[in-house]
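The values are calculated or read from the model by the stated rules, or taken from the named source; none is laboratory data. In this text the structure is predicted, and so the values were computed from the model without any measurement. Counting neighbours? That spans all protein chains shown, and the Cβs are built from the backbone with ideal geometry, glycine included. For the accessible areas, the whole protein counts, side chains as well, though only heavy atoms, and no ligand, DNA or RNA atoms are used. Shrake-Rupley method; radii C 1.70, N 1.55, O 1.52, S 1.80 Å.
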Protein chains: 2
Amino acid sequence: MNFSKCRVCGERAIIDLPRHNANFCADHLLQLCRRQVEKAIKDHEMLSPDDRILVAVSGGKDSLAIWDILLDLGYSADGLYIGLGIGEYSDVSGEYTRAFADERGLTLHTIDLRDEYDYDVPTAAKVTRRVPCSACGMSKRHLFDKAALDGGYDVVVTGHNLDDEAAVLFGNTLRWDVEYLARQHPVLPARNGFPKKVKPLMRLTEREMAAWCIVRGIDYQVDECPMAIGNKHLAYKEALNSIERESPGSKSAFYLEFVDKMSPILAGLNQAAAGELNRCAECGAPTTGDTCAFCRLHERVGGHEPVPVEMVLNKKARKAYLAAQAAGE
Amino acid sequence: MNFSKCRVCGERAIIDLPRHNANFCADHLLQLCRRQVEKAIKDHEMLSPDDRILVAVSGGKDSLAIWDILLDLGYSADGLYIGLGIGEYSDVSGEYTRAFADERGLTLHTIDLRDEYDYDVPTAAKVTRRVPCSACGMSKRHLFDKAALDGGYDVVVTGHNLDDEAAVLFGNTLRWDVEYLARQHPVLPARNGFPKKVKPLMRLTEREMAAWCIVRGIDYQVDECPMAIGNKHLAYKEALNSIERESPGSKSAFYLEFVDKMSPILAGLNQAAAGELNRCAECGAPTTGDTCAFCRLHERVGGHEPVPVEMVLNKKARKAYLAAQAAGE
């Protein structure tokens, strides 16, 4: 019988990885993932063996995989899940997250935006008339930071993978947004009242993370967030994927060479890291003004009549969303 | 009757330019092109009114258009055409170039690689076993530089347009080739025995240049160079075009913001501009070694049995080339 062979052991392969110009069996795919995470942690001094680690968990493949990999490598790590109130998408994401933690007896903290702050992402998007990803990202960053500091954690781990980082880099590069470029790094050190934040999946793609979850039997939220459909981040991913298909390895070179060669040149330009910050008058979080962006958002949208998901989707996203609903998904 | 109107005069438009969110009639398209060239020249101090200008002319739309625009703006400029020996493609390119110059009574210098140096681009590619664009670009740069210095010209003008520059920038950015990035600028000042070189079409696209030629009645070589088909430069153009279709204006922002915001940061890293160079033992051109790259190529490939175009095409290019031949083109 004719099948592709694992580069390491010659057994039947389950995945081809063109950028490594090789195929891998299940065991050696897991080994590759572990080693890439270890390399990222070592190269960038992300974690120490005794760190108290908080993993930002969404219920998707990346955050569940990195939680699993860290445990597998001998780290101890708790999780934090934030209920964003994005309809059924959020409900299902929360279920996968709880099931993962329960099955393994892990500590999972949860925050529900609607229960605790009286808003959700669709409502925030509608009231502020901005793209949902804006209020969503800001709320998550604030709450992860706060939970890490309040809980005495040494470091926040996020599941941003190589595809995510390359797409963000591509967007910042298309505009040559020098301040954002200077800030894009797989490690943000603790500073100015912010906790240390690290991205140990920086060397692994979303396809590899999906494969990790499948091999390890981890159920995860497969759908894209309905609010993200048609956003530029996905368009940047697609453009990079078309380059990657022509020249395997281009995408990882684009991101990893940036970190190696360009970040040092831009490091001095990172203004945000330089000056002292104020403390938010409401919550004490670091801020450049009097009140932090989270408290200003909360003030503006908290207590507003809830807005359903489909009210804030763009045309393309609404079409996809309604089709999925009609299909009984 | 229903038609698109020129943004300037309201007359019938002949072209839509999504990045300007507007349509233009023939006269106001020409005005826009002239003004963008004037802006590039002024912003980057490319040319002075009394400069002796040498235009590097290929017979394509861009180089014939910039020659025409410079004359139209009151500059005096001679042309230099290099016969690269790329079969019928070169023959046709040369004919368009000579016709343009003859009709206007312009001074056109010509150099034929085969006649004067006993090689051509396909032969150089075959003998060196490198991509044809490598020997071609290097030969052109050397001969344009030499002709400018020997002829007492103040500056060499090339027809690189916004699409070209954005695609080169994209390639250098994908690899974060810091030295190449530091060198990519619309003006290279005279230094170290190299003449000043400028790119006045840096703000205009190839579509606008094609329109300029059509409106002005300039016949030009429409085909892509057969040796370039399937190269990465064209793949980068396509990737940028797909981004541009989604977000008009992205491509020009990518290149122009680089020049404005990133070039100053990288300027200090341009090693090539720093040190003193040697003189080539053969021809006296500036070089980092004893003999310049052109003389080394000439030594290696000059006098070799000529190799026909189709012998050095990649698979994709050969298929396209043979189909075109069969169709009697």
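Which count do you get for residues in the range A:48-77 that are assigned to a loop (DSSP other than H, G, I, E, B) and of a type in the set (Asp, Glu)?
Just the residues of the range A:48-77 that are assigned to a loop (DSSP other than H, G, I, E, B), to begin with: A:48-52, A:58-60, A:73-76.
Checking the rest, the ones that are also of a type in the set (Asp, Glu) come to A:50-51.
Of the residues in the range A:48-77, 2 are assigned to a loop (DSSP other than H, G, I, E, B) and of a type in the set (Asp, Glu).
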Tell me which residues, restricted to the range B:240-255, are more than 9 Å from chain A (Cβ to nearest Cβ), assigned to a helix (DSSP H, G or I) and in contact with a Lys or Arg (Cβ under 7 Å, 6 or more places away or on another chain).
-> B:244, B:252
How many residues does the range B:42-85 contain that are in contact with a strand residue (DSSP E or B) (Cβ under 9 Å, 6 or more places away or on another chain) and basic (Lys, Arg)?
-> 1
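Is it true that residue A:226 is away from every other protein chain (no Cβ under 12 Å), over 18 Å from the mean Cα position of the chain (by Cα), outside any helix (DSSP H, G or I) and not hydrophobic (A, V, I, L, M, F, W, C)? Show your work before the answer.
Working: away from every other protein chain (no Cβ under 12 Å): yes; over 18 Å from the mean Cα position of the chain (by Cα): no; outside any helix (DSSP H, G or I): yes; not hydrophobic (A, V, I, L, M, F, W, C): yes.
In short, no.
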Kindly indicate whether any position in the range B:265-281 is touching a residue at least 12 places away in the same chain (Cβ under 8 Å), within 14 Å of chain A (Cβ to nearest Cβ) and open to solvent by less than 20 Å² (accessible area, probe 1.4 Å).
-> yes
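Collect the residues in the range A:203-230 that are among the basic types (Lys, Arg) and surrounded by fewer than 20 Cβ atoms within 10 Å (Cβ to Cβ), keeping them in residue-number order. It would help to see each step written out before you state the result.
We begin by selecting, within the range A:203-230, every residue among the basic types (Lys, Arg); these are A:203, A:207, A:216.
The answer is A:207, A:216.
Out of curiosity, is residue A:285 more than 23 Å from residue A:93 (Cα to Cα), among the aliphatic types (A, V, I, L, M) and in contact with a Cys (Cβ under 6 Å, 6 or more places away or on another chain)?
Numbers: more than 23 Å from residue A:93 (Cα to Cα): yes; among the aliphatic types (A, V, I, L, M): yes; in contact with a Cys (Cβ under 6 Å, 6 or more places away or on another chain): yes.
So residue A:285 passes the test.
Taking residue B:234, is it within 19 Å of the chain's Cα centre (by Cα), loosely packed, with under 14 Cβ neighbours inside 10 Å and within 30 Å of residue B:23 (Cβ to Cβ)? Outline the logic, then answer.
On the way: within 19 Å of the chain's Cα centre (by Cα): yes; loosely packed, with under 14 Cβ neighbours inside 10 Å: yes; within 30 Å of residue B:23 (Cβ to Cβ): yes.
Yes.
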Tally of residues being more than 22 Å from residue A:14 (Cβ to Cβ), under 18 Å from the mean Cα position of the chain (by Cα) and in a helix (DSSP H, G or I) across the range A:29-47 = 2
Is at least one residue of the range A:209-227 closer than 29 Å to residue A:318 by Cα, of a type in the set (D, E, K, R) and modelled with pLDDT of 95 or more?
-> yes
